[in-house]
Amino acid sequence: MAIYLGGAVRCKIGAMDRGAGSPPLAAGIEREIADLFGKEAAGILRYAGALAEDPETAHDALQEAFFRFFLCRSAGQRIRSPRGWLFRVARNYVLDLKRAGSRTDAGMDWLRHLPSPAISPATGDSIFDRLYGLPEIGLSPREMECIRLRTEDLRYEEIARVLGLQTGTVGALLARAHGKIRKAVGRARRGAQPGLRLRPEARE
Amino acid sequence: MHPKRAALIAYCDAETGADRGGRIARHLAECQECHERLRRIRGEKEELSAGAAAPVCDPARDWDAVLAAMAAWREGRDGGAASELTSRLQWQLEKYFGAPATRMLRRPGVRAEELLGEANAMMEAFLGPQAAEAVRDDCLRGLVWAGPAREATR
């Protein structure tokens with residue numbers, strides 16, 4: 001039986017039922033993992049890639065997260081929020097590798113990898129496209145991570161779990177980040193933000 | 001009274017409860033200024049999400065690697081990772097619960113994942129979920145699962 005996962009990953013579930021002796025529970029877990037992989041792998045890879053600044057580390061983080069998920073589920077562990085769990089494991093894996101010294105604060109360099117969205121056809125421009133240097137906005141690593149995880153459609157509760165925060169703190173961090181972005185965009189449009197410049201095409 | 005920015009962002013993200021969401025919705029229906037603030041917040045979110053949705057790379061090869069690692073684990077081709085995990089779990093159990101508790105859990109022939117499950121249940125019961133999670137992460141950190149299979153996918 002072939003299953004199409006997220007339009008990008010195709011796997012054969014039949015290939016997972018290795019050996020007639022595989023218990024039904026194990027097959028169930030592997031199906032659960034296949035389903036999760038199809039839904040979440042691209043987002044985790046994007047997130048880990050931005051955090052790690054290295055595609056190979058991002059791939060390793062993704063594999064590690066799913067393999068640990070398999071192991072914990074095989075151990076009978078119930079995982080209430082698999083998506084948050086997977087993002088958290090991938091994040092900790094990357095941070096461990098980076099030896100940042102702190103498990104709660106990612107380095108600032110990865111913020112530069114925040115993607116710049118395409119110009120919106122509705123408005124003709126994009127506020128984020130206008131900015132050269134997102135780090136100069138003054139977002140803290142936690143604020144930036146909240147924004148990043150939110151763009152991957154994680155719920156506040158899941159973001160809190162990934163970052164080891166209270167759910168209410170996530171809302172506050174997002175609000176503060178939005179405020180900073182709004183101010184920086186305003187300053188950039190007026191040409192008054194030191195170190196933050198409009199792209200030439202946006203200035204025209 | 002206008003809702004705060006955090007409340008509007010939470011409303012935009014469908015993170016407000018029914019009561020609070022209802023109050024904000026009623027206010028938005030009457031307040032053009034807040035309606036405009038919400039429109040801006042939505043626009044920013046959409047722009048960020050559009051950028052984030054750009055595919056970085058294809059995770060297909062990772063799925064092959066995960067499948068290979070799961071199969072290798074089941075078949076005992078784990079390159080010593082199971083044994084190392086068992087040893088780490090034993091060390092943690094001894095640290096928190098003492099040698100007798102560890103001997104009780106580590107029966108002959110018990111698989112590493114069974115021990116992981118039992119250790120995790122004990123840790124959750126006595127130390128709490130967060131501490132159990134931290135201990136489990138420590139046990140799993142840096143273990144090499146079926147390295148050759150993983151390398152083969154590159």
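The values are calculated or read from the model by the stated rules, or taken from the named source; none is laboratory data. Just so it is clear, the structure is predicted and the values come from calculations on it, not from any experiment. All Cβ positions, glycine included, derive from the backbone under ideal geometry; neighbour counts span all protein chains shown.
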**Request:** Please go through region B:14-26 and pick out each residue that is surrounded by 18 or more Cβ atoms within 10 Å (Cβ to Cβ) and of a type outside the set (A, V, I, L, M, F, W, C).
**Result:** B:E15, B:T16
**Request:** Among the numbered conditions (1) more than 30 Å from A:G76 (Cα to Cα); (2) β-branched (V, I, T); (3) part of a helix (DSSP H, G or I), tell me where B:T16 comes up short.
**Result:** (3)
**Complete:** In region B:123-143, anything more than 10 Å from every other protein chain (Cβ to nearest Cβ) and surrounded by fewer than 17 Cβ atoms within 10 Å (Cβ to Cβ) is listed as B:A125, B:F126, B:L127, B:G128, B:A131, B:D138
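One line per residue, one yes/no per condition, for (1) modelled with pLDDT under 90; (2) assigned by TED's automatic domain parsing to the domain that holds B:V144; (3) surrounded by 18 or more Cβ atoms within 10 Å (Cβ to Cβ):
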| residue | (1), (2), (3) |
| --- | --- |
| B:Q32 | no, no, no |
| B:R40 | yes, no, no |
| B:A65 | no, yes, yes |
| B:M70 | no, yes, yes |
| B:R77 | yes, yes, no |
| B:T86 | no, yes, yes |
| B:L93 | no, yes, yes |
| B:Y96 | no, yes, no |
**Prompt:** What is the number of the single condition among (1) facing chain A (nearest Cβ under 10 Å); (2) assigned to a helix (DSSP H, G or I) that B:D58 does not meet?
**Reply:** (2)
**Request:** Would you confirm whether any residue within region B:89-110 is within 19 Å of the chain's Cα centre (by Cα) and within 24 Å of A:A90 (Cα to Cα)?
**Result:** no
**Request:** Would you kindly identify the helices (runs of 4 or more DSSP H) lying entirely within region B:83-144 that contain at least 3 residues that are acidic (D, E)?
**Result:** B:112-127, B:129-140
**Asked** Which residue pairs have Cβ atoms under 6 Å apart, sit 6 or more places apart or on different chains, and have a first residue in region B:62-87 that is closer than 22 Å to B:A119 by Cβ and a second that is modelled with pLDDT of 90 or more?
**Response** B:A69/A:F67; B:M70/A:F70; B:A82/B:A112; B:L85/B:A112; B:T86/B:A112; B:T86/B:L115
**Asked** Filtering region A:27-67 down to residues that are among the acidic types (D, E) and in a helix (DSSP H, G or I), which residue is surrounded by the fewest Cβ atoms within 10 Å (Cβ to Cβ)?
**Response** A:E56
**Item:** Among the candidates A:L86, A:L51, residue that is within 24 Å of A:A160 (Cα to Cα), modelled with pLDDT under 90, within 12 Å of another protein chain (Cβ to nearest Cβ) and under 18 Å from the mean Cα position of the chain (by Cα)
**Value:** A:L51
**Request:** Return yes or no: is B:R111 surrounded by fewer than 20 Cβ atoms within 10 Å (Cβ to Cβ), on the phi < 0 side of the Ramachandran plot, among the charged types (D, E, K, R) and in contact (Cβ under 8 Å) with a residue 60 or more places away in the chain?
**Result:** no
**Asked** Scanning region B:145-154 for residues that are touching a helix residue (DSSP H, G or I) at 6+ places or on another chain (Cβ under 7 Å) and assigned to a loop (DSSP other than H, G, I, E, B), which turns out modelled with the lowest pLDDT?
**Response** B:T153
**Message:** For the condition over 10 Å from the mean Cα position of the chain (by Cα), closer than 24 Å to B:C139 by Cβ and more than 8 Å from chain B (Cβ to nearest Cβ), what is the one hit in A:R73, A:R68, A:R31?
**Reply:** A:R73
